[in-house]
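> Below you'll find the structure I mean.
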C-alpha cells in the first residue's frame, strides 16, 4: 500500500475527528477536553506520549531503525467568536469557535499518526507528534514543547502546517526565510489629572495627547524605515473615561506590531516610547510604553523548504509561489528558532457561498477535501526524511 492509499484509508477518520473538535472548541489554556481526546487517540494507536506543561501532548513513534529525529507540530486552541455558518458540526459552545483551523491541524496530525504507526518499521529514526495549546494567546505552549524536546536530546528538524482558507484546495505554499511576521502586543498608558469637563484648564487631559501619539506612532514605518522593510503598527484599542463630563486620569492604547527582522522590534518600541513621552510631556502629562507579549518571525530553513517542495510535487499538490511573506504571526516561530524546520500552508478554500475565506472571521469555513493532502504531506515528509 503506497502512502496515498494509506492516507486515504484514514480520510474519514480525520474528517470525523476534525468535526468533533470543531463542535467542542476550547480557548487557549482551557483545552482540557481537547487534550484528553488527543491522549485517548494516541493510547488507542499504541503511541507513547507525555503531557507537557499546560496540557500540551507529545507523542513518540520509534522507527524500525535508529536515525534522525523529526518533530511535527499541530496547535489545538479556538477563538472567542460566535460561529455564524450553519453545519451539522457547528460549534456547540456559545461565543467560542474554531475560526482559524486549529481543529483541522490537530485532526490531520492524528490522521498522520495512524499512517506512521502502520509504516513505522520502514522509518529510520523517531517522529515526535507535538500537539500544542494556546497558540492564539501566546501561552508558552511552544516554549514548553521545545524545552521538552531539548530534554530528550532535541530534534534534527521540525515541520508544521497551517490550513489556508484563501488558498484553493490542492495548492500549497512555503517560503525560504521569513514566512510569517513576528508579533508584539504593546500597551501605552497616558497619565494626566482628572477633572470636570467644564474646566479643562484645571485638569490635564490625557485623551488629547493620546490621540496625537496614536497618529504619530503609526507613521513610524514610513518615516524612519526603508519602505521595502515591512513593518505594521496597528493601534486596535483605546480606552478612557467613565462619563461625558469627566476628564479621566488616564487613557490607554493597545495594539500590535508586526515585523520580519528581529533587530527591528526594540528599535521600533524605543521610537514609540520616545514619541509618546515627548508628546505627553508637551501637554503636561506622562506616558508609559509596555511590551506585553511577543513572538519572533517564523523563519524557514532552506533545506527543510526544499524537501517540502519536493514532497508537494510527489503527492500531486500544486506549489503556490507566495509573492510576499504573510504579516500574520504564529508562535511556531519559537520552534523554528530552536530547530531547523519549515511551516507550510495547504489550501482549504471553502466552496460555500455563505462562507468567507478569511481566518478569524465568524463565517470561517474549510473545504474538508483539503485535509487528505496535509496528512499525505506529513507522512511522505517523514518517510523521505527518515528513509
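> When the residues of segment 268-288 are narrowed to those that are surrounded by 15 or more Cβ atoms within 10 Å (Cβ to Cβ) and without any contact (Cβ under 8 Å) to a residue 40 or more places away in the chain, which ends up nearest to the chain's Cα centre (by Cα)?
Just the residues of segment 268-288 that are surrounded by 15 or more Cβ atoms within 10 Å (Cβ to Cβ), to begin with: 268-269, 271-273, 275-277, 279-280, 283, 285-288.
Now drop any that are not without any contact (Cβ under 8 Å) to a residue 40 or more places away in the chain, which leaves 273, 277.
Numbers: 273: 27, 277: 33 Å.
The extreme case among them is 273.
> While we're on this one: In segment 233-243, what count of residues is obtained for those that are touching a strand residue (DSSP E or B) at 6+ places or on another chain (Cβ under 9 Å) and exposed (fewer than 15 other Cβ atoms within 10 Å of the Cβ)? Walk me through it before giving the result.
To start, the set of residues in segment 233-243 that are touching a strand residue (DSSP E or B) at 6+ places or on another chain (Cβ under 9 Å) comprises 233-241.
Filter again for exposed (fewer than 15 other Cβ atoms within 10 Å of the Cβ), leaving 234, 236-237, 239.
Looking only at that region, the number is 4.
> Take residue 307 and tell me if it is exposed (fewer than 15 other Cβ atoms within 10 Å of the Cβ) and closer than 30 Å to residue 134 by Cβ. Walk me through how you get there before you give the answer.
Details: exposed (fewer than 15 other Cβ atoms within 10 Å of the Cβ): no; closer than 30 Å to residue 134 by Cβ: yes.
No; evaluated as a whole, the condition is false for this residue.
> Report the residue count in segment 291-304 for those that are out of contact with any helix residue (DSSP H, G or I) (no Cβ under 8 Å at 6 or more places or on another chain) and buried (at least 18 other Cβ atoms within 10 Å of the Cβ).
Initial filter on segment 291-304 (out of contact with any helix residue (DSSP H, G or I) (no Cβ under 8 Å at 6 or more places or on another chain)): 292-293, 302-304.
Next cut, buried (at least 18 other Cβ atoms within 10 Å of the Cβ) only: 304.
Number of matching residues: 1.
> Looking at 271, 291 in this structure, which one is under 20 Å from residue 221 (Cβ atoms) and modelled with pLDDT under 95?
Details: 271 fails: modelled with pLDDT under 95.
The conditions single out 291.
> Return the total of residues in segment 139-156 being touching a helix residue (DSSP H, G or I) at 6+ places or on another chain (Cβ under 6 Å) and either assigned to a helix (DSSP H, G or I) or more than 26 Å from residue 180 (Cβ to Cβ) (or both). Walk me through it before giving the result.
To start, the set of residues in segment 139-156 that are touching a helix residue (DSSP H, G or I) at 6+ places or on another chain (Cβ under 6 Å) comprises 142-143, 146, 155.
From what's left, either assigned to a helix (DSSP H, G or I) or more than 26 Å from residue 180 (Cβ to Cβ) (or both): 142-143, 146.
Final tally of qualifying residues: 3.
> Of the residues that sit in segment 217-262 and are assigned to a helix (DSSP H, G or I) and over 21 Å from the mean Cα position of the chain (by Cα), which one is nearest to residue 298 (Cα to Cα)?
In the first step, residues of segment 217-262 are kept if they are assigned to a helix (DSSP H, G or I); the result is 217, 220-224, 262.
From what's left, over 21 Å from the mean Cα position of the chain (by Cα): 217, 220-224.
Values: 217: 25, 220: 23, 221: 21, 222: 24, 223: 26, 224: 24 Å.
Out of the qualifying residues, it is 221.
> Now, a different point. Only one of 107, 99 is under 15 Å from residue 72 (Cα atoms) and either in contact (Cβ under 8 Å) with a residue 40 or more places away in the chain or outside any helix (DSSP H, G or I) (or both). Can you tell me which?
Within the list 107, 99, the selection yields 107.
> Return yes or no: is residue 114 out of contact with any strand residue (DSSP E or B) (no Cβ under 6 Å at 6 or more places or on another chain) and over 20 Å from residue 377 (Cα atoms)?
no
> Go through (1) surrounded by fewer than 17 Cβ atoms within 10 Å (Cβ to Cβ); (2) touching a strand residue (DSSP E or B) at 6+ places or on another chain (Cβ under 8 Å) and name the single condition residue 104 misses.
Only one criterion is unmet by residue 104, namely (1).
> Yes or no: residue 80 under 29 Å from residue 137 (Cβ atoms), surrounded by fewer than 18 Cβ atoms within 10 Å (Cβ to Cβ) and assigned by TED's automatic domain parsing to the domain that holds residue 157?
In short, yes.
> Here are some residues: 121, 136. Which one is out of contact with any helix residue (DSSP H, G or I) (no Cβ under 7 Å at 6 or more places or on another chain) and either crowded, with 24+ Cβ neighbours inside 10 Å or in a helix (DSSP H, G or I) (or both)? Show your work before the answer.
On the way: 136 fails: either crowded, with 24+ Cβ neighbours inside 10 Å or in a helix (DSSP H, G or I) (or both).
Being out of contact with any helix residue (DSSP H, G or I) (no Cβ under 7 Å at 6 or more places or on another chain) and either crowded, with 24+ Cβ neighbours inside 10 Å or in a helix (DSSP H, G or I) (or both) holds for just one of 121, 136, which is 121.
> Report, by residue number, each residue of segment 43-70 that is more than 21 Å from the chain's Cα centre (by Cα), under 15 Å from residue 148 (Cβ atoms) and touching a residue at least 40 places away in the same chain (Cβ under 8 Å).
49, 50, 60, 69
> Within segment 200-207, is even one residue without any contact (Cβ under 8 Å) to a residue 12 or more places away in the chain, assigned to a loop (DSSP other than H, G, I, E, B) and farther than 29 Å from residue 266 by Cβ? Give the steps one after another, and end with the answer.
Looking only at segment 200-207, we keep the residues that are without any contact (Cβ under 8 Å) to a residue 12 or more places away in the chain, and these are 201-202.
Checking which are assigned to a loop (DSSP other than H, G, I, E, B) leaves us with none.
Checked against the condition, which is being without any contact (Cβ under 8 Å) to a residue 12 or more places away in the chain, assigned to a loop (DSSP other than H, G, I, E, B) and farther than 29 Å from residue 266 by Cβ, segment 200-207 yields no hits at all.
> When you go through 69, 65 one by one, which is the residue that is under 12 Å from residue 382 (Cα atoms) and touching a strand residue (DSSP E or B) at 6+ places or on another chain (Cβ under 8 Å)? Working first, answer last.
Values: 65 fails: under 12 Å from residue 382 (Cα atoms).
When all the criteria are applied, what remains is 69.
The values are calculated or read from the model by the stated rules, or taken from the named source; none is laboratory data. Quick caveat, the model's predicted, so the values are computed rather than measured. Cβ coordinates were reconstructed from backbone atoms using ideal geometry, including for glycine residues, and neighbour counts include every protein chain displayed.
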